[in-house]
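First the structure, then my questions, so here it is.
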Amino acid sequence: MTQTGPLAGRTIVVTRPLAQAAPLAEAIAAAGGKPLIFPLLEISAAIDPQPLHNALAQLAEYSLAIFISPNAADFALPGILAGGPWPETLTPAAVGQGTVKVLAEYGIAGCVAPTERFDSEALLELPALAAERVSGKRVAIFRGDGGRELLADTLRERGATVDCVTCYRRSGPSDGMAPLMAAWRNGQLDALTISSSEGLRYLVGLLDTEGREFLQKTPIFVPHARIAENARALGLSNIILTEAADAGILAGLRAYNWPA
C-alpha cells in the first residue's frame, strides 16, 4: 500500500529509550513515515538499591519529591506505593509532562511541573520551588545515575536539604550500530530524532568514520536548545531545533522542507 502523509517515504530514527519510544514512532507512522526504533540509552535498575530503600524509609519526612523522568517514576513509585498510599504532605513534582502522565497512571495527582519548557531551569522558576517555599524543607530528587546537578545545587542554595536518589541507570546500546549503518548504506535513513545529549554522545562515540560522515549529512531533530548546543560542540551542523517533547519533534518533522 502506498504511504501518504507529510512524512510519506521517509525513514526516521526514534532514539528514545524503548519504554518511551512508541508514542513518537506511532505518530511518525500516522503521518506516513517509517519509524526505525533504535534506543540510544538502555535503562535498568540502579546497581545499588540502598539509596532508594533509604529514601522510601524516610518518605514522610520529605516535603517535595521531584521525578526527573518517566523512568525515575517507573523505578521509584512501585516501591513507594508498596509501603502505603502517597503521603498527603508530600508534593510531587516533575520536569516534564511525560513524567506527570506516569505519576497520574500511578494515581498521583497535583503534580508541580512546567507547561512549556521541560527542563530543570523551567521547574526552578515555578513558585512551589521558590526559596520561601523550600527553605528548611527536605527534598528528594529521584533520578538516573549521573546527570546535571543544577536542580539539586539550586535548591540547596535556596535553603533546602536535598537527597539525590539514584533509582535507575543508563547505558549505551548493546547491539551496536549495524541497523543504522545498514539503513544509511541502503539510502533508507532520512532523519534522526534525538531527545538526550547523553544518547547523542553515545551515538557519536560508537560510529566509525563512515558512520560519522553519514550522520553529518543527516538531519537531526532535537527538542531542546541544550541538545542542539551539544550536537554542534560534537561537530554536527545539520541540526533542527523543534518545540518540546514528542509533539514538538513531530511538528518539526512535518514542517521540514524534505528534498525531492
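Here, each number is a calculation from the coordinates, and none is a lab measurement. For clarity, every value in this text was computed on a predicted model and none was experimentally measured. No Cβ is skipped: glycine too gets one built from the backbone with ideal geometry, and neighbour counts run over all protein chains shown.
Between ASN238 and ALA29, how many nm apart are label points set 7 Å from Cα along the C-beta direction?
2.6
I've got another one for you. With axes computed from alpha carbons, what is the tilt in degrees of helix 70-82 against the longest principal axis of the chain, rounded to the nearest 10 within 0 to 90?
Around 40 degrees separate the two axes.
Going by alpha carbons, how many degrees (0 to 90, nearest 10) lie between the helix axis of 245-255 and the longest principal axis of the chain?
The two axes meet at around 20 degrees.
May I pose another question? Given the chain, what whole percent of its Cα pairs are spread farther than 25 Å? Mind dumping the intermediate values first?
Values: 15998 of 33670 pairs.
More than 25 Å apart: 48 percent of the Cα pairs in the chain.
Run the numbers for ALA82 and ALA178: contour at 0.36 nm per residue of separation, minus the present Cα-Cα distance, in nm.
Length difference between fully extended and current span is 30.4 nm.
Here's a follow-up. Take the chain, connect every pair of alpha-carbon atoms lying under 10 Å apart with a spring to form a Gaussian network, then pick out the residue of VAL95, VAL14, VAL204 with the largest mean-square fluctuation.
Checking each option, the largest mean-square fluctuation is seen for VAL204.
Using only Cα atoms, tell me the angle between helix 197-206 and the longest principal axis of the chain; keep it within 0 to 90° and round to the nearest 10.
So the helix axis and the longest Cα principal axis differ by about 50 degrees.
For region 164-260, take N as its residue count and report Rg(C-alpha) divided by 2.2 N^0.38 Å. Intermediate values should be presented prior to the final figure.
Details: Rg = 14.1 Å, N = 97, 2.2 N^0.38 = 12.5 Å.
Scaled against compact globular proteins, the figure is 1.12.
Based on the inverse mean of 1/r over its pairs of different Cα atoms, what is the Kirkwood hydrodynamic radius of region 44-170, in Å? Before the final figure, lay out the partial values.
On the way: mean 1/r = 0.0698 Å⁻¹.
Computed over region 44-170, the radius equals 14.3 Å.
Helix-only estimate, please: 222 nm mean residue ellipticity of the chain, summing -39500 (n - 2.57) across DSSP H runs of length 4 or more and dividing by its residues, to the nearest 500. Please list the in-between numbers first.
On the way: 12 runs with 107 residues, N = 260.
-11500 deg cm²/dmol, from helical runs alone.
State, as an integer percentage, the relative contact order of region 7-61 based on alpha-carbon contacts under 8 Å between residues 6 or more apart. Don't skip to the answer; put the middle values down first.
Working: 64 pairs, mean separation 20.5, N = 55.
With pairs under 8 Å counted, the relative contact order is 37 percent.
Which whole-number percent is the relative contact order of region 206-260 (Cα, under 8 Å, 6+ apart)?
Working: 52 pairs, mean separation 17.2, N = 55.
Relative contact order of region 206-260: 31 percent.
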